[in-house]
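Shown next, in structure tokens, is the structure this report addresses.
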Amino acid sequence: MSENLLQIQPISEMPLVRRDAPVPLGPDAPRAALISLGCAKNTVDSEIMLAALAGAGYRLVSDAEDAQVAIVNTCGFIEDAKRESIDTILEVAQFKEAGDLETLVVAGCLAERYRGELAQGLPEVDLFIGTREYDRLPELLGSGGGAREAFSDTLMDYGRRLPRILAEPGPSAYLKVAEGCSRPCTFCVIPRFRGRFRSRPLDLVVEEARALTEAGVREVNLLAQEITSYGVDLGLGFSLARLLAELNEVDGLEWIRVLYNYPRGVTDELLDAYRDLPRVCEYIDMPLQHVATPVLSAMRRGIDEAGTRELVSRIKEKIPGCALRTTMLVGFPGETDADFERLLDFVKETRFARLGGFVFSPEDRSIAARLPDQVPAELARERMARLLALQERIMAEEGEALVGGETQVLVEGLTGEGLLRGRTRLQAPEVDGEVFLHETEAEPGEIITCEIIGTDGVDLVARGVTAG
């Protein structure tokens with residue numbers, strides 16, 4: 001397709017953040033669509049690919065059926081995610097027969113994780129690229145030569161400008177501050193295909209935050225696989241607190257949310273930043289994975305039950321009213337009935353604002369997959385059902401306790417029924433529910449004071465409070 005491309009706009013000359021692709025485009029501009037699967041970090045990677053395609057003269061379309069080039073950015077974290085990725089690839093491949101699709105690209109974690117293997121089982125795919133070639137996608141599409149795989153052994157340089165086109169409208173956006181992971185968790189293989197942990201330069205992160213606000217963003221959600229190590233590889237030490245202080249000074253930015261805190265990195269300095277910086281949301285997303293010491297030790301989490309309990313107590317003491325969100329991994333090899341009961345007791349005592357759960361999946365090439373005393377899958381699923389039922393009761397009780405109180409709500413848009421919807425400072429996008437606003441008038445992007453008048457499952461029902 002290289003003969004149809006417009007002149008490529010150099011990365012250094014492109015706006016760092018934009019809402020839409022540049023126009024106008026010529027009548028022969030090839031149409032491209034991108035489907036992003038998996039986590040929010042994948043979303044940012046997809047936005048980098050969108051900007052690269054737009055800069056190379058592609059016309060971006062929303063439906064793969066209408067595209068000549070379709071990209072599926074895959075997730076390869078656990079078995080369910082891998083299955084979803086394969087199903088999506090096969091679904092999109094059908095448009096080669098039923099639509100205008102000429103080129104199918106598979107990108108991301110699944111492609112990187114199974115280099116050389118996917119190509120054998122998916123002849124429908126024209127090009128596989130990994131997690132290190134996102135900004136090179138137009139070059140790879142236009143290079144010709146019939147190569148079906150493009151993988152680099154050099155880690156992608158996140159210390160430079162990587163323009164993005166925001167995939168979703170609205171006043172909230174993700175901001176990736178680091179890539180990769182250097183933690184030794186035995187259940188995880190992400191470091192194998194994402195590489196070692198590497199921070200983005202502080203000034204570049206702040207520059208991107210300013211660019212986001214200029215594009216109308218009011219809330220940024222900071223991302224990294226393990227965000228509390230931010231700055232260590234740059235020689236700055238554990239400097240996430242310093243980054244938060246810099247972002248707190250960005251004009252137009254109202255809410256700053258930090259996702260994926262690693263327990264060992266949650267220092268007093270960081271907690272003081274959460275408490276003292278007014279734009280930093282009092283919301284800590286900290287995947288604990290478990291509480292029983294034998295399980296944590298086998299996971300190589302670097303913390304035991306006593307340390308976990310002390311950390312949670314310290315968070316609650318330093319940041320009253322903090323929303324604590326976590327993730328638990330159930331059915332890890334060697335997890336006994338007693339270990340699981342300790343986990344349930346811990347969840348009852350802590351009363352997490354939100355809790356997500358995974359059933360252990362013995363991932364290829366992970367240490368945990370080779371550990372003895374694997375927990376039967378049916379038993380692991382039973383345990384997970386008990387854990388989630390407990391958390392559901394806790395969330396229902398905590399939600400009812402909020403009724404009658406007031407809170408700030410970032411208005412994000414309309415529901416299908418015409419109600420305004422938004423989120424509080426204690427709700428992260430996509431995972432923590434929403435606030436539905438009755439008898440309220442406001443514009444997307446406004447932050448308004450609301451009274452909570454009810455609950456609807458994990459969601460809240462509220463109405464705006466009239467000033468004066």
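When segment 53-90 is filtered for residues that are open to solvent by 70 Å² or more (accessible area, probe 1.4 Å) and among the acidic types (Asp, Glu), the ones remaining, listed by number, are Glu65, Asp66, Glu79, Asp80, Glu84, Asp87. Under the condition of being part of a helix (DSSP H, G or I) and open to solvent by 50 Å² or more (accessible area, probe 1.4 Å), the residues counted in segment 319-344 number 4.
Here are Arg183, Arg257: which of them is of a type outside the set (Gly, Ala, Ser), in contact with a Pro (Cβ under 9 Å, 6 or more places away or on another chain), buried (at least 19 other Cβ atoms within 10 Å of the Cβ) and farther than 16 Å from Tyr158 by Cβ? The match here is Arg257.
One residue alone among Tyr134, Tyr158 is out of contact with any helix residue (DSSP H, G or I) (no Cβ under 8 Å at 6 or more places or on another chain), surrounded by 14 or more Cβ atoms within 10 Å (Cβ to Cβ) and of a type in the set (Phe, Trp, Tyr), and that residue is Tyr158. Residues in segment 241-251 that are touching a helix residue (DSSP H, G or I) at 6+ places or on another chain (Cβ under 6 Å), open to solvent by 10 Å² or more (accessible area, probe 1.4 Å) and in contact (Cβ under 8 Å) with a residue 40 or more places away in the chain: Glu246 alone.
Against the definition (free of Cβ contacts under 8 Å to residues at least 40 places away in the same chain, on the phi < 0 side of the Ramachandran plot and of a type in the set (A, V, I, L, M, F, W, C)), how does Val206 come out, yes or no? No: the conditions fail for Val206.
What are the residues in segment 371-391 that are of a type in the set (D, E, K, R) and either touching a Phe, Trp or Tyr at 6+ places or on another chain (Cβ under 7 Å) or at pLDDT below 95 (or both), if any? Scanning segment 371-391 gives a single hit, Arg383.
Here is a check on your reading of the model: is Ala292 open to solvent by less than 60 Å² (accessible area, probe 1.4 Å), within 26 Å of Thr186 (Cα to Cα) and touching a Gly at 6+ places or on another chain (Cβ under 6 Å)? No: the conditions fail for Ala292. Figure legend. Inter-residue proximity from segment 147-161: first residues free of Cβ contacts under 8 Å to residues at least 60 places away in the same chain, second residues among the aromatic types (Phe, Trp, Tyr) and open to solvent by less than 50 Å² (accessible area, probe 1.4 Å), beta-carbon distance below 8 Å, spacing 6+ or different chains. Indicated pairs: Arg148/Phe128; Glu149/Phe128; Ala150/Phe128; Phe151/Phe128; Met156/Tyr134. Residues that are open to solvent by less than 10 Å² (accessible area, probe 1.4 Å) and of a type in the set (S, T, N, Q) within segment 104-131 comprise just one, Thr131.
The values are calculated or read from the model by the stated rules, or taken from the named source; none is laboratory data. Everything numeric here is computed off the predicted structure, so don't read it as measured data. Glycine gets a Cβ as well: all are built from the backbone with ideal geometry, and neighbour counts include every protein chain shown. When the accessible area is computed, the model is the full protein with side chains, heavy atoms only, and any ligands, DNA or RNA have been set aside. Shrake-Rupley method; radii C 1.70, N 1.55, O 1.52, S 1.80 Å.
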